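The values are calculated or read from the model by the stated rules, or taken from the named source; none is laboratory data. Fair warning: this is a prediction, and the values are worked out from it, not measured in the lab. Reconstructed Cβ throughout: ideal geometry from the backbone, glycine too, with neighbour counts over all protein chains shown.
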Amino acid sequence: MSIRVRYFASLKETAGRSEDRIQIQEPLTAREIWRLLNPDKAAPETMLAAINMEYVSLDALVSDGAELAFFPPVTGG
Amino acid sequence: MSIILCEQPIEPWKELEAYQKNSTLLKGKYGACNIFTGVMRDFNQGDTVESMYLEHYPGMTELQLKHIAEQGMRQWSVLDCLIMHRVGAVAPNDTLVLVACWAVHRGDAFDACRFIMETLKTQAPFWKKETLATGRTRWVEKNSEGYQ
């Protein structure tokens with residue numbers, strides 16, 4: 001399964017990069033993918049996630065071909 | 001409904017005048033227009049702020065703004081809605097956001113505009129990074145409450 005993972009705002013700085021592309025053998029949750037890609041960085045308590053540009057829980061399963069994004073609480077307006 | 005992200009300064013009153021003039025949907029039909037503009041301050045949390053960068057998530061930001069506007073227009077009787085939001089580098093006194101709702105009567109225009117603005121503050125993927133007068137940069141961690 002191929003997944004594109006994107007990081008925004010302060011989480012881009014935490015991760016040290018703006019995106020990853022990974023291949024996984026079985027479905028993983030958003031939280032598990034964060035742990036897999038950032039083993040030495042605990043996910044911030046306030047971290048939000050989106051799959052294919054819609055908000056999801058960190059426990060949501062990520063499907064093949066999805067775009068997963070991690071970001072902090074939003075501060076627009 | 002129109003959702004517009006702008007890299008260049010927004011001139012809200014010119015934009016509104018042009019939008020109303022060009023809208024065949026609104027001509028003769030609306031009795032109320034409620035407008036909100038949000039503007040960048042030169043201070044925050046006790047510090048002088050010199051400039052700011054507004055990051056967004058291209059594609060998701062527009063999609064979430066569309067969801068928010070549609071929800072407001074479903075919940076209240078709104079004829080049309082305009083949302084404009086700056087992205088990229090901004091300076092104090094720049095208009096950051098414009099929300100306008102047109103309705104037959106004022107109640108729907110007031111309430112829908114307020115709902116859209118408050119929901120935008122918590123749901124639309126934008127992130128502010130401030131540059132202070134000292135040269136230090138910092139991410140704004142959360143928005144202020146709408147009622148204080």
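Computed values, structure above
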| read-out | value |
| --- | --- |
| Number of positions in the stretch A:31-77 that are without any contact (Cβ under 8 Å) to a residue 24 or more places away in the chain, more than 8 Å from every other protein chain (Cβ to nearest Cβ) and closer than 16 Å to residue B:64 by Cα | 3 |
| Of all residues in the stretch B:104-130 being under 26 Å from residue B:59 (Cα atoms) and over 16 Å from the mean Cα position of the chain (by Cα), the one that is surrounded by the most Cβ atoms within 10 Å (Cβ to Cβ) | B:130 |
| Filter result (in contact with a helix residue (DSSP H, G or I) (Cβ under 7 Å, 6 or more places away or on another chain), at pLDDT 95 or above and not polar (S, T, N, Q)) within the stretch B:119-148 | B:120, B:124, B:125, B:126, B:139 |
| Close pairs (9 angstrom Cβ cut-off, 6 or more residues apart or separate chains): within 10 Å of chain A (Cβ to nearest Cβ) in the stretch B:119-141, surrounded by fewer than 16 Cβ atoms within 10 Å (Cβ to Cβ) and of a type in the set (Gly, Ala, Ser) anywhere | B:121/B:144; B:121/B:146 |
| Within the stretch A:13-41, tally of residues that are in a loop (DSSP other than H, G, I, E, B) and out of contact with any helix residue (DSSP H, G or I) (no Cβ under 9 Å at 6 or more places or on another chain) | 7 |
| Unmet requirement for residue B:70, which otherwise passes all of (1) on the phi < 0 side of the Ramachandran plot; (2) surrounded by fewer than 16 Cβ atoms within 10 Å (Cβ to Cβ); (3) part of a loop (DSSP other than H, G, I, E, B) | (3) |
